[in-house]
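The values are calculated or read from the model by the stated rules, or taken from the named source; none is laboratory data. All of these numbers come straight from a predicted model, not from anything done at the bench. Glycine gets a Cβ as well: all are built from the backbone with ideal geometry, and neighbour counts include every protein chain shown. The protein model used for the area step is the full one, side chains on, heavy atoms only, and it has no ligands, DNA or RNA in it. Shrake-Rupley method; radii C 1.70, N 1.55, O 1.52, S 1.80 Å.
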Amino acid sequence: MLSYLAKRLVQLAAVVFVISVLAFLLVHLLPGDPSVTILGPFDTPTARAEILRQLGLDKPLPQQYLTWAGNVLHGNLGRSFLTKQSVAHAIAEAFPIDLELVIVSQVIAFALALPLALVASRRPNRAFDRLAGTATFGLLSIPAFILAVILALVLAVEIHAFPATGFTSLTTSPVQNLRSIVLPSLALTAGSIAVYFRLLRSDLISTLQEDYITMARSKGLSDRYILLRHALRPSSFSLLASAGINIGSLLTGAFVVEYLFQLPGIGYQIVESISARDYLMVQGMALVVAVAYVVVNFAVDFLIVLLDPRIRRA
Amino acid sequence: MTKSRSGLAAAFPAATELHDPLLEVVDLATSFQTPRGLVRAVDGVSLTLARSRTLGVVGETGSGKTVLIRSIMGLLPRHGVQRSGKVIFAGRDLGALGERDLRRVWGTEMAMVFQDPMTALNPVVRIGRQLTESLRLRAGLDRKAAIETAVALLESVGIASPRERLRSYPHELSGGMRQRVMIAIALACGPKLLLADEPTTGLDVTVQAQVLDVLGTQQAERSMAMILVTHDLGVVATRADSIAVMYAGRVVESASTAVIFDSAKMPYTEALMRSIPRLDAPPGARLAAIPGRPPDLTTVPTGCAFAPRCAYVTERCIHETPPLTESAPGHYHACWNPVGSPEGEQAFSTNLAKGVMAAVEIAQREVRK
């Protein structure tokens, strides 16, 4: 178990290194260098060389990378050329919004998909299963931005249950914060519900055919006990693996929803920065998102190892 | 159990119960709804089993043995199954009970040992919980008592350092150990009847003998009845009091073990016996395999189901189904030309003289018609 974890940690470090190199190169590979942005109309060859020297961009790439990586490790991601704002600070403002959005939407998704799948799998292809299957498929096929608009129209504009746009931070007012996060979370959760329901349902159905379920029945255990204590755990692996990937992609993929609800999250900021060619901003945010993605998936792998003792030997 | 009894019997229920059979199966039939049609996996089986006795159920793969014992228990898939007939267990007809009521009998009064302990033990649940859950939920023991009982059970089936083993997962045990664990689980709540479904098929020969010995010892200690299902007559030869031979979902011969081995009447039983390797056979002797394969149970043929593979076959076997008749007290068989009878001898020598399987010839004639 420990050696498995150690191996995975080494892997994790390697992946993070590769990500950091890519994030670093990302900006250098883009056309147009930052001096153009900074100088604007005052662009002269000497001024440009001076800027590049000041920024350290005249040094060889490996050296630039080491300087940059060293700063990153100290929490210094640089300052935006445009807003002069610290990148780390911007991320610290934006990232919690995404985190909250992802957590709330995933809690809703699991809270709905889990019981639906447990009930549906007991009688596959009967009325309840078909109804749940159709309903979730419907959710899956509605794009988040359409669902967002519908939700905003009905729940915000018509009945004023939630604010239509804007964000209140958790520290300002926890209640307002939750209210401002509910609609975007609902818009994001639809696809997750459908995917989680389908994965868990089909895995449960095949698990319930296993010999060890018949064996559990032969002990005289109740259906509910067998479902929760014998069938759920071995049926949850593909659900968890897909949740890991899904959560990772929601961190950036929430952009459209953030835009519609005017939430200044990471996805929103990245797009703003890309169009403004704010290269340090893009770099820092891409790095944070990628590392978060890797960490989430590592956590999921770890959870699966905890749940499935057979993997620990590998 | 709720039947009214005479005053004397009520005062000594144990004495009268000893004379009642523990299990009486009457005309049990089970069919499965499949895309290819209705499969008649068990087709009118009757048998009785006394307390603390062992019945061996023998037959090839696909002869309906597993479905038979699962039908006795009522442990069948919930949908697409039709079961009929009576299963009278300790005075109650289980055939009439739904799963909710059957569950009270499962585990505590009858328990099952499955064929493959790798797939029948939950791979992600520790042995300890798989063993203690029925003790706690069914026998009502508290946590500590359940653990102590589990340790004692594992020890009694011959598992070394049982307390540590409770924390193991199934994949951490060898095949023989897993099967011992499965037996311990089945025995946990002290059943009166143990249904063992090919308990040794997946094991090495030496381990097979050990596991069968464990079963035998436990059975004797607990005066528990057992149905031992196997495809191997050798397994039941020394361990069963009586044997029922199954073919295509029916019992085709049944008698005490000694009678089956001394004077089998049914050509299929004889063929099964000739397929057991013998120590006293000359070196290099070939094992007699049974030609062909068991019939497809979706299309029930008329006549005897074994006829197409039988060396004793005659025209009559193809057209008329032989009934299960009692040839001697306690010896039943279903055959028109039994082994050792004048009809049988004649049919066999005629078929031998023709040099081809008579069944093949008869079948070809049928096709030409």
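Test A:Leu26 against the stated conditions and say whether it is part of a helix (DSSP H, G or I), over 24 Å from A:Ser273 (Cα atoms) and modelled with pLDDT under 90. Against the criterion (part of a helix (DSSP H, G or I), over 24 Å from A:Ser273 (Cα atoms) and modelled with pLDDT under 90), A:Leu26 does not qualify.
Within the option set A:Val102, A:Val87, being among the aliphatic types (A, V, I, L, M), in contact (Cβ under 8 Å) with a residue 40 or more places away in the chain and under 22 Å from A:Leu188 (Cβ atoms) holds for one residue only, A:Val102. Going by the structure shown, is A:Leu228 under 30 Å from B:Gln130 (Cβ atoms), open to solvent by 30 Å² or more (accessible area, probe 1.4 Å), within 14 Å of chain B (Cβ to nearest Cβ) and hydrophobic (A, V, I, L, M, F, W, C)? Yes, satisfied.
The condition of being surrounded by fewer than 17 Cβ atoms within 10 Å (Cβ to Cβ), modelled with pLDDT of 90 or more and under 16 Å from the mean Cα position of the chain (by Cα) holds for only one of B:Gly44, B:Gly56, B:Gly74, that being B:Gly44. The residues of segment B:98-151 that are facing chain A (nearest Cβ under 10 Å), open to solvent by 40 Å² or more (accessible area, probe 1.4 Å) and in contact (Cβ under 8 Å) with a residue 24 or more places away in the chain, listed by number, are B:Glu99, B:Gln115, B:Asp116, B:Met118, B:Arg126, B:Arg138. Applying the set (1) within 18 Å of the chain's Cα centre (by Cα); (2) within 14 Å of another protein chain (Cβ to nearest Cβ) to A:Leu251 leaves exactly one unmet item: (2).
Within segment B:160-175, being surrounded by 21 or more Cβ atoms within 10 Å (Cβ to Cβ) and within 13 Å of another protein chain (Cβ to nearest Cβ) holds for one residue alone: B:Pro170.
The set of residues in segment B:261-303 that are over 28 Å from B:Glu315 (Cβ atoms), surrounded by 14 or more Cβ atoms within 10 Å (Cβ to Cβ) and either touching an Asp or Glu at 6+ places or on another chain (Cβ under 9 Å) or not hydrophobic (A, V, I, L, M, F, W, C) (or both) contains only B:Ile276.
Would you point out the residue of segment A:231-248, among those that are closer than 30 Å to A:Leu147 by Cα and among the hydrophobic types (A, V, I, L, M, F, W, C), that is nearest to the other protein chains (Cβ to nearest Cβ)? Here the residue is A:Phe237. The listed residues are B:Leu272, B:Leu233, B:Leu228, and the only one of them that is touching a residue at least 60 places away in the same chain (Cβ under 8 Å) and assigned by TED's automatic domain parsing to the domain that holds B:Ala328 turns out to be B:Leu272. B:Val157: within 21 Å of B:Asp197 (Cα to Cα), more than 9 Å from chain A (Cβ to nearest Cβ) and touching a residue at least 12 places away in the same chain (Cβ under 8 Å), yes or no? Criteria met by B:Val157.
Per this entry, B:Thr325 is not counted among residues that are within 19 Å of B:Gly44 (Cβ to Cβ), out of contact with any His (no Cβ under 8 Å at 6 or more places or on another chain) and β-branched (Val, Ile, Thr).
Residues in segment B:57-97 that are free of Cβ contacts under 8 Å to residues at least 40 places away in the same chain, of a type in the set (Gly, Ala, Ser) and assigned to a loop (DSSP other than H, G, I, E, B): B:Gly74 only.
Filter segment B:176-209 for residues that are more than 13 Å from chain A (Cβ to nearest Cβ) and part of a helix (DSSP H, G or I); which is surrounded by the fewest Cβ atoms within 10 Å (Cβ to Cβ)? Restricting to residues being more than 13 Å from chain A (Cβ to nearest Cβ) and part of a helix (DSSP H, G or I), the top hit is B:Val205.
Per this entry, B:Thr132 is not counted among residues that are within 22 Å of the chain's Cα centre (by Cα), within 17 Å of A:Lys219 (Cα to Cα) and either among the aromatic types (Phe, Trp, Tyr) or not in a strand (DSSP E or B) (or both).
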